[in-house]
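Colleague: Have a look at this one before I ask anything.
The values are calculated or read from the model by the stated rules, or taken from the named source; none is laboratory data. Source: prediction; values computed, not measured. All Cβ positions, even for glycine, are placed from backbone atoms using ideal geometry, and neighbour counts span all protein chains on display.
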Amino acid sequence: MNLTAVNQTDDCQEYSCPERSVSFSVYVILYVAAAAVSLLTVCGNLLVIISVSHFKQLHTPANILILSLAASDLLTGLFVIPFHLILLIESCWISGPEMCSVFNFVTFQATSVSVHTVALIAVDRFLALHSPFFYSEKISPTVICIATLFNWLFSLLYNFTLLFINGNFTVMCPGECVYTIDGVSSLIDLLVVFLMPCTLIIILYTRVFVVVRKHNSKESSKNRISDKSERKAALSLGILVFVFLLCLLPYYITSLVIPYDNADFFYVRDVAAIFFYLNSTINPIIYALFYPWFQKSLKLILTFKVFNEDSSLMNVQ
């Protein structure tokens, strides 16, 4: 995360947002685009949440993790994307200090949950392919639900503590919305939310693709992978993981190498942040393109067949 400095309330001077340097028509277009992206993110992830929650056939360990990822993406669409884009359009914070605290906390929470959920997806696929007997006997939806709940609670406690001990819940100067993290906290955050989970993701999914490739190139009765659906799920989730890392890496690289107060690279950092947040918009599109179960459940939802009696028992696989 960025290392920032924030002025104390006593040092605040009278502040007003700078006047817009763009025409009114461009200003309106920017707001319409921001609203469209936010709405697309919210609606797409709501459809994913409804699909996995409603249809009992989709209550599998892998889909429960997708549900968790969709929930964090929904938070991003509701709070992070709209307020971040408004901040960029207006060039200052116009939503008040309380909402700034909510914005910062939800941004940290959604980021942490997303990264750790993708790490859990990598663990899930690795166990399903590398140790299928262990996976079928030990990794149940209940186990994954417990792991998911722990992920959310850990992130909640971790991010609140991180922001609180660095004084991020105090009143800020009007027009400002920044957060402060000292050097030690920044290093801990880098390890917990970026380096450790991303290293795990890369290592495990590299192993997953090696196993899938061996199976595809060598058909043998001794092969440890017996279920084609597990391989297809691994490849489909691999696309999700690859796109996630593609969006995440520029965000953390720019956060590390570009100081927050460096105006020369201001837009580079903001573009990287937008690129990462848009991953929450892209994920439902990936499901729609590569996941047959989401295509079928989406059709049932949009045609209102989910309101039929026993619709939760419909075949969507």
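Colleague: Where residues in the stretch 179-222 are in a loop (DSSP other than H, G, I, E, B) and either at pLDDT below 80 or touching an Asp or Glu at 6+ places or on another chain (Cβ under 8 Å) (or both), which of them is surrounded by the most Cβ atoms within 10 Å (Cβ to Cβ)?
Modeller: Taking the stretch 179-222 first, the residues in a loop (DSSP other than H, G, I, E, B) are 179-182, 218-222.
Checking the rest, the ones that are also either at pLDDT below 80 or touching an Asp or Glu at 6+ places or on another chain (Cβ under 8 Å) (or both) come to 181, 218-222.
On the way: I181: 22, K218: 9, E219: 7, S220: 8, S221: 5, K222: 5.
Per the criteria, the residue is I181.
Colleague: Hey, can you tell me all the residues within the stretch 288-305 that are part of a loop (DSSP other than H, G, I, E, B) and β-branched (V, I, T)? Steps first, answer last, please.
Modeller: Of the stretch 288-305, the ones part of a loop (DSSP other than H, G, I, E, B) are 291, 303-304.
Result: T303, single match.
Colleague: Go through the stretch 100-111 and give me each residue that's surrounded by fewer than 24 Cβ atoms within 10 Å (Cβ to Cβ) and small (G, A, S).
Modeller: S101, the sole residue that qualifies.
Colleague: Restricting attention to the stretch 279-289, report how many residues are buried (at least 16 other Cβ atoms within 10 Å of the Cβ) and of a type outside the set (S, T, N, Q).
Modeller: Of the residues in that region, 4 qualify.
Colleague: Check L120, L87, L162 and return the single one that is surrounded by fewer than 21 Cβ atoms within 10 Å (Cβ to Cβ) and under 23 Å from the mean Cα position of the chain (by Cα). Can you show your working first?
Modeller: Numbers: L120 fails: surrounded by fewer than 21 Cβ atoms within 10 Å (Cβ to Cβ); L162 fails: surrounded by fewer than 21 Cβ atoms within 10 Å (Cβ to Cβ).
Answer to the selection: L87.
Colleague: Does S236 satisfy the condition of being in a helix (DSSP H, G or I), modelled with pLDDT under 90 and more than 26 Å from T111 (Cβ to Cβ)? So that I can check it myself, show each step before the final result.
Modeller: Values: in a helix (DSSP H, G or I): yes; modelled with pLDDT under 90: yes; more than 26 Å from T111 (Cβ to Cβ): no.
For S236, the condition - in a helix (DSSP H, G or I), modelled with pLDDT under 90 and more than 26 Å from T111 (Cβ to Cβ) - is not met.
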